[in-house]
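Enquirer: Shown below is the structure under consideration.
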Amino acid sequence: MPIITENEYTFTSANGSTPIHVREWVPDCDINAVVQISHGICEYAGRYAPFARYLASKGFVVVANDHLGHGQSVLSEEDLGYFGPLGSWETVVADIEQLRRLTAEKWPESPYFLLGHSMGSFLARTWLIRHPEVELAGVILSGTGQPAAPVLAAGRMLCDADVLKNGPRHRSLDIYGMAFGSYNKKIEPRRSPYDWLTRDEAVVDAYAADPLCTFTPTSSLFREMLSGLATVGSAREISRMSKDIPIILMSGDADPVGGWGVQVAKVYSLLVRAGCRDVAYKFYPGARHEILNETNKAEVYKDILDWLCAKIA
């Protein structure tokens, strides 16, 4: 078993001011590949430490940053849930690319993978559109989805109206409720507002007790995320991606973010119709949104490891 060194550092965001907090897990052995993680909304890189340590124990370098407005990538507590002004979705994508460049310079000979979860998967899909020139060994999309265009447009109008009336840092409970309120409806039994995340009650309870997870995002962040979803749902935009990068979509079939599988299938279809040559999917029966924190996470970990090793080979 290799010894794993855990490092932390910062780089300056593409917004020119915010230090972006990075965590890095490095095994003291020959490196198989690098895996960069892009986390979801209302969470942060540190929540991926158990999975990162697992991959590092198998010879992988793992790196993850807290996105703008999340974790330690804030200038003050008021920044939690705030990306920035109009267009700041692209700032967060640029931060992902900056971390990729910094990390690839350290391990230039190692295959490089990107794993995006939930909002992080939307960011990863945007990154694929913006950087078709970069040769990745593969991309894992966890807990992804693709709402219908009219739903995105309506949500964007509500967010724009709230930002116009109350400012970009306003936190609307109504918009928050529309974004997340329906996710628990099919979950039984319901113990908390967060049971849709996973069947593992200890994980749900830890999430519910964590102020870096339970804040209400700003209306402008929701606006940016909806704009990003419109981009990654556009056939014209998807056509700009490299068609050679292997992609796998992994989701629980009880994940409301993926429409209980329907929206995941839609993303798969969009990628295939765009001409992507190596696209696969994997559903886990009964699993909810955070498959890396599910009761069958050992199975998920092993499946990801096997896929990474297959793409390296």
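Each row is one residue, and each column tells you yes or no for (1) within 15 Å of Gly143 (Cα to Cα); (2) outside any strand (DSSP E or B); (3) open to solvent by 40 Å² or more (accessible area, probe 1.4 Å).
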residue	(1), (2), (3)
Glu224	no, yes, no
Leu229	yes, yes, no
Arg240	no, yes, yes
Asp244	no, yes, yes
Leu249	yes, no, no
Pro256	yes, yes, no
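Enquirer: Another question, if that's okay. Could you tell me whether Pro189 is more than 25 Å from Asp79 (Cα to Cα) and either in a helix (DSSP H, G or I) or basic (Lys, Arg) (or both)?
Expert: On the way: more than 25 Å from Asp79 (Cα to Cα): yes; either in a helix (DSSP H, G or I) or basic (Lys, Arg) (or both): no.
For Pro189, the condition - more than 25 Å from Asp79 (Cα to Cα) and either in a helix (DSSP H, G or I) or basic (Lys, Arg) (or both) - is not met.
Enquirer: A further question on this structure: Output the residue which, of all residues in region 154-176 that are under 22 Å from the mean Cα position of the chain (by Cα) and assigned to a helix (DSSP H, G or I), is farthest from Trp260 (Cα to Cα).
Expert: Cys159
Enquirer: Can you run down the residue pairs with Cβ atoms below 8 Å, 6 or more apart or on separate chains, where the first is in region 111-136 and closer than 25 Å to Ala313 by Cβ and touching a residue at least 12 places away in the same chain (Cβ under 8 Å) and the partner is open to solvent by 20 Å² or more (accessible area, probe 1.4 Å) and part of a helix (DSSP H, G or I)?
Expert: Within 8 Å, the pairs are Pro111/Lys311; Pro111/Ile312; Tyr112/Arg100; Tyr112/Ala104; Phe113/Lys311; Leu114/Arg100; Val134/Arg100.
Enquirer: Right, something else. Report the residue count in region 20-68 for those that are assigned to a strand (DSSP E or B) and either of a type in the set (Phe, Trp, Tyr) or modelled with pLDDT under 95 (or both).
Expert: Looking only at region 20-68, we keep the residues that are assigned to a strand (DSSP E or B), and these are 20-27, 33-38, 60-65.
When the remaining residues are screened for being either of a type in the set (Phe, Trp, Tyr) or modelled with pLDDT under 95 (or both), the result is 25, 60.
Total satisfying the criteria: 2.
Enquirer: Does Thr198 count as within 17 Å of the chain's Cα centre (by Cα) and part of a loop (DSSP other than H, G, I, E, B)? Let's see the steps before the verdict.
Expert: Values: within 17 Å of the chain's Cα centre (by Cα): yes; part of a loop (DSSP other than H, G, I, E, B): yes.
It is true that Thr198 is within 17 Å of the chain's Cα centre (by Cα) and part of a loop (DSSP other than H, G, I, E, B).
Enquirer: Same structure, new question: Does Ala209 satisfy being open to solvent by 10 Å² or more (accessible area, probe 1.4 Å) and either in contact (Cβ under 8 Å) with a residue 40 or more places away in the chain or under 18 Å from the mean Cα position of the chain (by Cα) (or both)?
Expert: On the way: open to solvent by 10 Å² or more (accessible area, probe 1.4 Å): yes; either in contact (Cβ under 8 Å) with a residue 40 or more places away in the chain or under 18 Å from the mean Cα position of the chain (by Cα) (or both): no.
Spelling it out, it is not the case that Ala209 is open to solvent by 10 Å² or more (accessible area, probe 1.4 Å) and either in contact (Cβ under 8 Å) with a residue 40 or more places away in the chain or under 18 Å from the mean Cα position of the chain (by Cα) (or both).
Enquirer: I need the full set of residues from region 259-306 which are exposed (fewer than 15 other Cβ atoms within 10 Å of the Cβ) and either among the aliphatic types (A, V, I, L, M) or part of a strand (DSSP E or B) (or both), in order please.
Expert: Val262, Val272, Ala280, Ala298
Enquirer: Follow-up question, since we're still on this one. Restricting the search to region 99-117, which residues are of a type in the set (Ser, Thr, Tyr) and open to solvent by less than 10 Å² (accessible area, probe 1.4 Å)? Step through it out loud before you land on a result.
Expert: At the first step, the residues of region 99-117 found to be of a type in the set (Ser, Thr, Tyr) are 103, 110, 112.
Result: Thr103, single match.
Enquirer: Could you check region 190-206 and list, in sequence order, the residues that are closer than 30 Å to Ala154 by Cβ and open to solvent by 30 Å² or more (accessible area, probe 1.4 Å)?
Expert: Answer for region 190-206, where residues must be closer than 30 Å to Ala154 by Cβ and open to solvent by 30 Å² or more (accessible area, probe 1.4 Å): Arg190, Pro193, Tyr194.
Enquirer: Among the numbered conditions (1) under 25 Å from Trp307 (Cα atoms); (2) in a loop (DSSP other than H, G, I, E, B), tell me where Gly81 comes up short.
Expert: (1)
Enquirer: Restricted to region 156-169, and to residues that are out of contact with any His (no Cβ under 7 Å at 6 or more places or on another chain) and among the charged types (D, E, K, R), which residue is most open to solvent (accessible area, probe 1.4 Å)?
Expert: That would be Lys165.
Enquirer: Just one of the numbered conditions (1) in a helix (DSSP H, G or I); (2) open to solvent by 20 Å² or more (accessible area, probe 1.4 Å); (3) touching a Lys or Arg at 6+ places or on another chain (Cβ under 8 Å) is not true of Pro132; which one?
Expert: Result: Pro132 fails condition (1) only.
Enquirer: So, one more: Return the only residue of Ser220, Ser182, Ser172, Ser142 being surrounded by fewer than 19 Cβ atoms within 10 Å (Cβ to Cβ) and of a type outside the set (A, V, I, L, M).
Expert: Details: Ser220 fails: surrounded by fewer than 19 Cβ atoms within 10 Å (Cβ to Cβ); Ser172 fails: surrounded by fewer than 19 Cβ atoms within 10 Å (Cβ to Cβ); Ser142 fails: surrounded by fewer than 19 Cβ atoms within 10 Å (Cβ to Cβ).
Answer to the selection: Ser182.
Enquirer: If you check every pair at least six apart or on different chains, which have Cβ atoms under 8 Å apart with a residue in region 250-263 that is free of Cβ contacts under 8 Å to residues at least 40 places away in the same chain first and a residue that is open to solvent by 10 Å² or more (accessible area, probe 1.4 Å) and among the charged types (D, E, K, R) second?
Expert: Once the first residue is free of Cβ contacts under 8 Å to residues at least 40 places away in the same chain and sits in region 250-263, its partners that are open to solvent by 10 Å² or more (accessible area, probe 1.4 Å) and among the charged types (D, E, K, R) give Gly261/Asp253.
Enquirer: For Asn32, work out the one condition from (1) open to solvent by 10 Å² or more (accessible area, probe 1.4 Å); (2) without any contact (Cβ under 8 Å) to a residue 60 or more places away in the chain; (3) touching a Leu at 6+ places or on another chain (Cβ under 9 Å) it doesn't fulfil.
Expert: Checking Asn32 against (1) open to solvent by 10 Å² or more (accessible area, probe 1.4 Å); (2) without any contact (Cβ under 8 Å) to a residue 60 or more places away in the chain; (3) touching a Leu at 6+ places or on another chain (Cβ under 9 Å), the one that fails is (2).
The values are calculated or read from the model by the stated rules, or taken from the named source; none is laboratory data. These numbers were taken from a predicted model, which means no experiment stands behind them. Every residue, glycine as well, gets a Cβ built from its backbone with ideal geometry; the counts of neighbours run over all protein chains shown. Please note that ligands, DNA and RNA were not included when accessible areas were found on the heavy atoms of the full protein model with its side chains. Shrake-Rupley method; radii C 1.70, N 1.55, O 1.52, S 1.80 Å.
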